[in-house]
Amino acid sequence: MKPVIDLRLCKGCNVCVYICPKKCYSRGAGISELGYYAAVVSAAEKCYNHKREGKLICELCVLSCPDQAISWHPETEEDLKK
Amino acid sequence: MKAAKGEFFLQGNEACVEGAIGSGIRFFAGYPITPSTEIAEGLAQRLRGTNGVFLQMEDEIACISAIIGASWGGVKSMTATSGPGFSLMQEAIGYAAMSETPIVIVNVMRGGPSTGQPTRASQGDVMQTKYGSHGDYQVIAFAPASVQEMFDLTVESFNYAEKYRVPAFLLSDAEVGHMRGLLSVPENLKIVDRKEKGIKRADEAYDVPDDLVHPFPTFGKGHKAMITGMTHAEDSRIEPEDVRTHQELVKRLSDKILKNRKDINKWELVSPGSKTMIISYGSSALGPKEVAAKDERVGLLRLKSLWPLPEEPIYEVASQCERILVCEMNLGMMYWPIKRVALEAGCKKVELLSKIGGEPPTPSEVRHKLRGMGAI
Amino acid sequence: MDIFDFYRKDRWPHVFCPGCGNGTVMNCFYRAFSALNLPLDRTAFVGGIGCSSRIPLYISSDALHTTHGRAIAFATGLKLSKPDLKVVVFTGDGDLGAIGGNHFINGCRRNVDMTVICINNNIYGMTGGQASITTPHDFQSTTTPYGNREYPFDLAELAVAAGANYVARWTTRHVHELTKSMKTALQKKGFAFVEVISQCPVNFGRRNKMADPTQMLEWFKESSVRREKVRTAAVDHFDLNMAGQITVGEFVDRNRECYEELIGVEKHG
Ligand SMILES: Cc1ncc(C[n+]2csc(CCOP(=O)(O)OP(=O)(O)O)c2C)c(N)n1
Ligand code: SF4
Ligand code: SF4
Ligand code: SF4
Ligand SMILES: [Mg+2]
């Protein structure tokens, strides 16, 4: 599974960037529709949950994100190749 | 929990306990204070072993907060206090008005301000009842003058609190609370239960239109109720900044009481049509009643409810008499709104007999005042 | 249950500032609640006044948003009038520990069955950053412009002394531990208290050289010490400040009879 940031919810606090032990997130460069520098998932393939199904581990990002902006999505063929 | 039926000889505060039981009280929270303590003690006794809860809280703010919480659990709840405790309750009274929570608050009034006269009667809290919390709101308040009325008007307090989703008050005083007398409990009490969301039944609470009193969303029934003291729209949307929403809400809360004055107000008339009318309430009406009974020149309008102000009977009395004497145990509180209505009705002579210190005005004090006015 | 089955999606994004710890606490609470498969319709949420106390209004169930400081008193009445309802209180350090302190200690003592989550951000967040009863010594706030002269309350120790059945404290840097404690608290019969040291970057961090929420999370991480490792429980960690420490962990887990059992109210249907 891979983490995805909902740009309609992210307020650009960068808590995910700080908390992720695998450095999957990075600071955003452009302003989102909501008016924030939304963070970006820059290296989903480094996540502990890469190629993992069912019960996920770590989840520090999802549990910490103050705006409920991060959720899990199934990985595509392309994601899985990484 | 069944109310005892029949005739009893007991204290005013004990009659209030019986009235609460008769109304189906399921939750009482109290904090000891003279001269209302017997109500808490009585309910501690009477609620034991029933499906009701008696709770002694850590202060009066906790008491009123707890009974509001209990009301949202769907039960009839009440607290009883006196001056200092009543002052502590003010913020939550506004909350109950804003959140439209049916609760009953008994205030056995004693002399204030501050600790004042703990064991002595007064009527000094009548304005606080209506104006004590911040903002515009309306409440319902009754003023008993006998042991029987301590019972009857406790029942009415519950009935009207339920019907209009509003805090209702029993404004008693040390004199009435501690007097002993006969109580007759009728076979069939008229009891009103709140109009509940999702439940339709033939009932008095359904007389009031939905646009003034909304059905009550009891907790735990899947209504997803959002109850708040903040300005909110009809669908529970919280809109503290919105001008219209605030206007509509506060106006409705006020209208649901003021537009139903005729349904709510209760009074007693002695010798209507007399040239001189006394207007009084609670224990300070006892002296005037004796005077009016013996002297055909004098009549009495005894208000059994104080809020909303019973404008109609006051207006009618004032338009037929030459002079009015208002009797109360404070330095003049109900005097002013009564005078306002009397002036509107064309009665220009409205005087005040005020007595503080803990004793209601005696018949001879009333006569003395009436002589001074040239009435007798 | 999806997170937005639990929370009212139509009210998102919520009002909390970017990086506010309240949202983190909400994630953990949702996880704990849904893991236990508790019926949401049979759970009522009560809040006082403050940013933290707003959380009940975001949950897709009955919410009683009350007056400042009195949430536990309201919750006591609600719970005892409907004993089969689960009652959860969300409150803040100011709401619970300052204006509501008396209801807090008596709530613990009375031990009514409820779960109380206190988001302790060491400040009055909603009113713009005035010192609270948990603002650390020497820290800045709008009402302590020369540093706080007072010393803070230890809410968790207070709850232990007052008789709560379950007491735990974590920070928003301990999301897994916090979720686990919330689960325990939700299952506990009696008064269960979970204190969460949380970041208010806007009104606390900004005035104390931690304007970035991640700086506050780092502070929590560095200052946290497990309770098991603290030699003498009550004294050492009394002084919560930069030089001091935040004691985290479970403080007590016991089974004193709860108030409902004591008065036999549970039988009421
Ligand atoms: C009786 C009363 N006094 C003061 C206030 C103003 N007030 C609103 S929120 C608040 C502080 C809340 O602080 P806390 O409980 O720590 O919540 P936070 O916003 O920090 O989450 C205060 C003092 C109020 N609403 N009611
Ligand atoms: S933690 Fe959430 S809100 Fe903050 S930057 Fe990351 S995705 Fe956005
Ligand atoms: S689950 Fe853990 S490793 Fe994966 S993105 Fe989130 S924080 Fe990083
Ligand atoms: S003021 Fe502080 S506590 Fe309130 S929402 Fe903002 S960051 Fe959170
Ligand atoms: Mg706070």
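Just so you know, all these numbers are worked out from the coordinates, no wet-lab data involved. Note that this is a predicted model, so its numbers are computed, not measured. Counting neighbours? That spans all protein chains shown, and the Cβs are built from the backbone with ideal geometry, glycine included.
Across the stretch C:115-122, computed HN-Hα scalar couplings (Karplus, 6.51 cos²θ - 1.76 cosθ + 1.60, θ = phi - 60°) run 10, 10, 10, 9, 8, 9, 9, 6 Hz from first to last residue, x flagging Gly and Pro. Between the helical axis of B:243-258 and the longest alpha-carbon principal axis of chain B there is an angle of about 50 degrees. In sequence order, the stretch C:101-108 has phi-based couplings of x, 5, 5, 5, 5, 6, x, 4 Hz under the Karplus curve 6.51 cos²θ - 1.76 cosθ + 1.60, θ = phi - 60°, and Gly or Pro positions carry x.
In percent, what relative contact order does chain B have, based on Cα pairs under 8 Å that are 6 or more apart in sequence? Contact order relative to length: 16 percent. Counting Lys +1, Arg +1, Asp -1, Glu -1, what net charge surrounds residue C:10 among other residues with beta carbon under 12 Å of its beta carbon? That sum, taken over residues with Cβ under 12 Å, equals +4.
For the protein assembly as shown, the equivalent ellipsoid derived from the alpha-carbon gyration tensor has semi-axes of 56, 25, 24 Å in decreasing order. Between the C-alpha center of the stretch C:2-76 and that of the stretch B:68-89 there is a gap of 25 Å. Contact order, relative form, for the stretch C:115-238: 26 percent (alpha carbon pairs under 8 Å, 6 or more residues apart, mean separation divided by residue count). Restricting attention to the stretch B:268-372, close to 15% of DSSP beta bridges with both partner residues there are antiparallel.
Relative protection proxy for C:84-90, B:104-110, from highest mean packing down: B:104-110, C:84-90 (other beta-carbon atoms within 10 angstrom). Between the Cα long axis of helix B:147-164 and the first principal axis of chain B there is an angle of about 40°, rounded to the nearest 10. Charge tally for residue C:146 (other residues, Cβ to Cβ under 13 Å; Lys, Arg +1; Asp, Glu -1): 0. Of B:221/B:259; B:76/B:224; A:46/C:180; B:294/B:369; B:190/B:262; B:259/C:79, which pairs sit farther than 23 Å apart, going by alpha carbon to alpha carbon? The answer is B:221/B:259; A:46/C:180; B:259/C:79.
Taking a straight line from the alpha carbon of residue B:348, these aspartates and glutamates sit under 13 Å away, with near neighbours fewer than eight places off in the same chain left out: B:322. In this structure the amide hydrogen of residue C:8, modeled in the peptide plane, comes within under 5 Å of the amide hydrogens of C:59, C:60, none closer than 5 places in sequence on its chain. In degrees, nearest 10, range 0 to 90: what is the angle between the Cα axis of helix B:335-344 and the longest Cα principal axis of chain B? With both axes taken from Cα atoms, the answer is about 80 degrees.
Remark on residue B:304: its backbone amide H falls under 5 Å from those of B:266, B:267, B:268, a criterion applied only to residues 5 or more positions apart or on other chains, H modelled at 1.01 Å from N.
Across the stretch B:151-202, the volume of the C-alpha convex hull divided among the residues equals 74 Å³ per residue. Straight-line cross-link partners of residue B:130 among the aspartates and glutamates, defined as a Cα under 16 Å from its Cα and at least 8 positions apart when in the same chain: B:91, B:100, B:255, B:311. Each helix, a run of at least 4 DSSP H residues, gives -39500 (n - 2.57); summed and divided by the residues of chain A, these come to -3500 deg cm²/dmol at 222 nm.
Each residue of the stretch A:66-82 is assigned a 3J(HN,Hα), and the resulting list reads x, 10, 6, 8, 9, 9, 8, 10, x, 7, 7, 3, 5, 4, 5, 5, 5 Hz, derived from the Karplus form 6.51 cos²θ - 1.76 cosθ + 1.60 (θ = phi - 60°), x at Gly and Pro. Scanning chain B for GluC sites (Glu not before Pro) that sit in a DSSP loop and have at most 12 other Cβ atoms within 10 Å, the longest stretch containing none of them is B:1-186. For chain B, the mean residue ellipticity at 222 nm estimated from helices alone is -11000 deg cm²/dmol, where every DSSP H run of n ≥ 4 contributes -39500 (n - 2.57) and the total is divided by all residues, rounded to the nearest 500.
The alpha carbon gyration tensor of the stretch C:144-209 gives principal lengths a ≥ b ≥ c with a/c of 1.5 or higher and a/b no greater than b/c, which makes the shape oblate. For the protein assembly as shown, the share of DSSP beta bridges that are antiparallel, to the nearest 5, is 30%. Please state the shape class of chain C: rounded when a/c is under 1.5, otherwise prolate if a/b exceeds b/c and oblate if not, all from the C-alpha gyration tensor. The shape class here is prolate. Sequence gap at least 6, Cα distance under 8 Å: using those rules, report the relative contact order of the stretch C:22-252 to the nearest whole percent. Rounded, it is 18 percent for the stretch C:22-252. The H on the amide N of residue C:66, modeled in the peptide plane, is under 5 Å from the matching H of C:47, C:48, each at least 5 residues off or on a different chain.
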